[in-house]
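Each remark here refers to the structure printed beneath this line.
The values are calculated or read from the model by the stated rules, or taken from the named source; none is laboratory data. Worth saying up front: this structure is predicted, and the values here are computed from it rather than measured. Neighbour counts are summed over all protein chains in view; Cβ atoms, including those assigned to glycine, are modelled from backbone coordinates with ideal geometry. For the accessible areas, the whole protein counts, side chains as well, though only heavy atoms, and no ligand, DNA or RNA atoms are used. Shrake-Rupley method; radii C 1.70, N 1.55, O 1.52, S 1.80 Å.
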Amino acid sequence: IAREIISNHFTALCAAYPNAFSALINWATGDLIATRRCWVFHLEQFPCDIVASFLLHMFDFLHGYPDRYGEYLLNDARCHDPILGGFYQGILAFSLCEQGRYVEALPLALEAHQKNADDIYSLHALVHAWHGAGNHGTIVDHLQRAVAWRDNAGMNIHVNWHLAVSLLQTGHIKPSLLAYRGFRS
């Protein structure tokens, strides 16, 4: 019964969001041109789909297209959505960091992180903005107080790397080695 329910649910999702599922299938099969086209079509139909915005952002990042972020990552009303605005703003801030635009990214990342301190993506954007600005002491202070990133299997290694580098930059050699060993383990 459970398998049938899941199958029916999956079929309904594929029918409701055909471009998103086509994008995933194309990405998995290596058709990168079709992948991007399907994500763009999906976001034209569902511009507030935060997961699709994240996936298209990751696609463009992984394939070296940061110049295309402006097509779909804009500082607009989506940033002010009471539920998903912080997530969207975190993606936007991180995309600015990837372009070396740390001064623009920092206020967006701060606001996104204030909306949801448990959002690893906004925390990651905030750390990158501070890192780009050379604010290593701020990174150390913040990451030692924040706890949500420590249990995030997808990001704790990378965020801990930022902690290790920032501890090293601030002259704290032994804690830096401990943080390094922590993310290595």
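Would you mind calculating the relative contact order of the chain from Cα pairs under 8 angstrom and at least 6 residues apart, reporting the percent as a whole number? Please report the intermediate quantities before stating the final value.
Details: 208 pairs, mean separation 20.7, N = 185.
The normalised contact order for the chain reaches 11 percent.
How compact and how long is the range 35-185, expressed as Rg and Dmax of its alpha-carbon atoms in Å?
Looking at the range 35-185, its Cα Rg and Dmax stand at 15.8, 52 Å.
Using the eigenvalues of the Cα gyration tensor, what equivalent ellipsoid semi-axes result for the range 93-177 when each is taken as the square root of five times the eigenvalue, whole Å, largest first?
Working: eigenvalues 74, 48, 22 Å².
Gyration-tensor ellipsoid for the range 93-177: 19, 15, 10 Å.
Once phi is turned into ³J(HN,Hα) by the Karplus curve 6.51 cos²θ - 1.76 cosθ + 1.60 with θ = phi - 60°, what whole-Hz value does each residue of the range 43-54 show in order, with x for glycine and proline?
3J(HN,Hα) across the range 43-54, in whole Hz: 6, 5, 7, 10, x, 9, 6, 5, 5, 5, 4, 5.
Applying the Karplus parametrisation 6.51 cos²θ - 1.76 cosθ + 1.60 with θ = phi - 60° to the phi angles of the range 148-162, what ³J(HN,Hα) value in whole Hz is obtained for each residue in order, glycine and proline being reported as x?
So the J values, rounded to whole Hz, are 4, 5, 5, 9, 8, 4, x, 10, 5, 5, 5, 5, 5, 4, 4.
Where the eigenvalues come from the Cα gyration tensor of the range 1-117, what are the semi-axes √(5λ) of the equivalent ellipsoid, largest first, in whole Å? If you can, show how the numbers build up before the last one.
Numbers: eigenvalues 157, 68, 25 Å².
Over the Cα atoms of the range 1-117, the semi-axes work out to 28, 18, 11 Å.
Mind checking the dipole of the chain: about its Cα centre, +1 per Lys or Arg Cβ, -1 per Asp or Glu Cβ, Debye to the nearest 20? If you can, show how the numbers build up before the last one.
Numbers: 12 positive and 16 negative charges, 133 e Å.
For the chain, the charge dipole is close to 640 debye.
Among Leu55, Leu13, Leu24, which one shows the biggest mean-square fluctuation in a GNM of the chain, springs joining Cα atoms closer than 10 Å?
Evaluated over the chain, the most mobile residue of the options is Leu13.
Take the solvent-accessible surface of the protein heavy atoms, probe 1.4 Å, and return the percent of it on the chain that carbon and sulfur atoms account for. Mind showing how you got there, number by number?
Values: 6320 of 10370 Å².
Answer for the chain: carbon and sulfur cover 61 percent of the accessible area.
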